[in-house]
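The values are calculated or read from the model by the stated rules, or taken from the named source; none is laboratory data. Please read these numbers as outputs of a predicted model, since none were measured by experiment. Cβ coordinates were reconstructed from backbone atoms using ideal geometry, including for glycine residues, and neighbour counts include every protein chain displayed. These accessible areas exclude ligands, DNA and RNA; they are computed on the full protein's heavy atoms, side chains included. Shrake-Rupley method; radii C 1.70, N 1.55, O 1.52, S 1.80 Å.
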Amino acid sequence: MGKKNIDWANIGFGYIKTDYRYVSNYKNGAWDEGALITDDTINLSECACVFQYAQTCFEGLKAYTTEDGHIVTFRPDLNAERMMDSAARLEMPQFPKERFIDAITKVVAANADYVPPYGSGATLYIRPFMFGSDAIIGVKPANEYQFRVFTTPVGPYFKGGAKPITICVSDYDRAAPHGTGHVKAGLNYAMSLHAIMEAHRNGFDENMYLDAATRTHVEETGGANFIFVTKDNTVVTPKSDSILPSITRRSILYVAEHYLGLKTEERPVAFDEIKDFAECGLCGTAAVVSPVGKIVDHGREICLPSGMEKMGPVTQKLYDTLTGIQMGHIEAPEGWIHVIK
């Protein structure tokens, strides 16, 4: 077998069906042994808990072809741990960490022909997810669950390079204090859809959500954490109990300190501070880093000194170093790279 006949350089960031996916079912208090299957459809009751009460969580990570030809994933152990946290918060059974990593390994290996070649700019996106699968009409957790993993090859998030985006301060709240903002629950993303579409209709690329309690501190966007760079090159990320603990953000902080020798701070970030930062970016699995050039607060423009033409210099170094680690150009910290084959 060889690579699929796909125009790797021109695929978008969308769904392309691959040959195999992994499925395990939870019933009578235990997960079954799980298996790779070829059927991409799901047959559920109309009263399944996932439809009625949104009892579902998910993860997202990628498989890469490295410079030396290996297929690898990046820190899947952290995705496993975060999904366990999400499941616990949503009263779902946890899928064990070792089995999560094994499922990722099996489904990527089975779909190896869909992993884009090195240098194409494309990757294999991996989507593990879990949902309540049996019929529930009273407001309570499901009794049965399904854990699945599918993959899809995706193109580079930015075609032609990462151009700085313009974002707006949202009038909506992403997550309440003591709510579910710190877990990767589907319901968090459902509530963000209206806000992001409204931002798009108003000419903005993304939202900046402030904390719901006081609306004075920066939280995150609908799908990414913020990173800021001060004028003395300190890398700052917001700290809050109601934002998602991004694996990319955690990795960027490590890279900043241990590879680039930069000072880092993870702390509450007051919105009033933004005007004093030199650079801003959004970080997540899909794009790694999306540079932000302008933030608009109800008509008041805050223009970052890094400008609207390209990433700021520190953000660019962070991006280049982290992607270099992922692609095998730069030696990775121990345990960061999980080799599939």
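The mean sequence distance of close C-alpha pairs (under 8 Å, at least 6 residues apart), as a share of the length of the range 103-144, puts its relative contact order at 22 percent. For the chain, the relative contact order is 19 percent, taking Cα pairs closer than 8 Å that sit 6 or more residues apart in sequence and dividing their mean separation by the residue count. Be a star and scan the range 18-54 for residues whose amide nitrogen sits under 11 Å from the point 7 Å along the Cα-to-Cβ vector of Ala190. Counting only backbone N, you get 49-54. What the phi angles of the range 204-216 give under the Karplus curve with 6.51, -1.76 and 1.60, with θ = phi - 60°, is a coupling list of 10, 8, 7, 9, 10, 8, 9, 5, 6, 6, 10, 6, 10 Hz, glycine and proline written as x.
For the range 14-81, applying the loop criterion from DSSP together with a ceiling of 16 other beta carbons within 10 Å to the GluC sites (Glu not before Pro) yields Glu33, Glu46, Glu67. Oblate is the label for the range 115-270, because the ratio a/c of its alpha-carbon gyration tensor axes (a ≥ b ≥ c) is 1.5 or higher and a/b is not greater than b/c. Taken about its Cα centre, the range 93-140 carries a charge dipole of about 140 debye when Lys and Arg each add +1 at the Cβ and Asp and Glu each add -1 at the Cβ. Karplus-based coupling profile of the range 298-315, in residue order and whole Hz: 6, x, 8, 8, 10, 9, 6, x, 5, x, 10, 9, 7, 4, x, x, 6, 4, with θ = phi - 60° in 6.51 cos²θ - 1.76 cosθ + 1.60 and x standing for Gly or Pro.
Taking amide H positions as modeled 1.01 Å from N, with prolines and chain starts lacking one, no residue 5 or more places away or on another chain lies under 5 Å from Val288.
The range 237-313 and the range 26-75 have Cα centres lying 31 Å from one another.
Straight-line cross-link reach from Lys106 at under 17 Å between alpha-carbon atoms covers these lysines, not counting any fewer than eight positions away in the same chain: Lys17, Lys62, Lys97, Lys341.
Geometric descriptor of the range 221-303, per residue, is 99 Å³ (volume of the convex hull of the Cα atoms).
Using C-alpha pairs under 8 Å with a sequence gap of at least 6, the mean separation divided by the residue count of the range 130-227 gives a relative contact order of 22 percent. The share of C-alpha pairs in the range 64-177 whose separation exceeds 21 Å stands at 56 percent.
Put +1 on the Cβ of every Lys and Arg and -1 on every Asp and Glu Cβ in the chain; which of Ala87, His338, Val50 then has its Cα farthest towards the positive end of the dipole? Projecting each Cα onto the dipole axis, the largest value belongs to His338. Our helix-only sum for the chain, with -39,500 (n - 2.57) per DSSP H run of n ≥ 4 divided by its residues, gives a mean residue ellipticity at 222 nm of -7000 deg cm²/dmol.
Overall dimensions of the range 114-162, expressed as equivalent-ellipsoid semi-axes from the Cα gyration tensor (√(5λ), whole Å, largest first), are 37, 12, 5.
Taking a ≥ b ≥ c as the square roots of the eigenvalues of the alpha-carbon gyration tensor, the range 56-97 is classed prolate because a/c is 1.5 or more and a/b outweighs b/c. Applying the criteria of a DSSP loop state and at most 16 other Cβ atoms within 10 Å to the GluC sites (Glu not before Pro) of the range 232-314 yields Glu309.
Extension gain for the segment Met197 to Asp102, taken as residue separation times 0.36 nm less the Cα-Cα distance, is 30.5 nm to one decimal. Among the trypsin sites (Lys or Arg not before Pro) in the range 207-249, those placed in a DSSP loop whose Cβ has at most 14 other Cβ atoms within 10 Å are Arg215, Lys231, Lys239. At a 1.4 Å probe, what is the % contribution of carbon and sulfur to the accessible area of the chain? C and S fraction of accessible area: 51 percent. Taken per residue, the accessible surface of the range 1-133 reaches 46 Å², heavy atoms only and a 1.4 Å probe.
Phi-derived couplings, Karplus 6.51 cos²θ - 1.76 cosθ + 1.60 at θ = phi - 60°, listed residue by residue for the range 187-194: 5, 4, 7, 4, 6, 8, 5, 5 Hz, with x used for Gly and Pro.
Ligands, DNA and RNA aside, Met191 has an accessible area near 70 Å² when probed at 1.4 Å. Tell me which residues come under 5 Å, amide H to amide H, from Phe13 once H is placed; ignore anything under 5 positions away on its chain. Those lying under 5 Å, H to H, from Phe13 are Gly155.
Residues whose amide H falls under 5 Å from that of Gly132, counting only those 5 or more places apart or on a different chain, are Val50, Gln55, with hydrogens built in the peptide plane. What do you get for Rg/Rh of the chain when both radii come from the Cα atoms and Rh is the Kirkwood radius? Radius of gyration over Kirkwood radius for the chain works out to 0.96. For the range 1-144, the fraction of alpha-carbon pairs lying more than 21 Å apart is 49 percent, rounded to a whole number. Ranked by the mean number of other Cβ atoms within 10 Å of their residues, highest first, the peptides 144-157, 106-119, 3-16 come out as 144-157, 106-119, 3-16.
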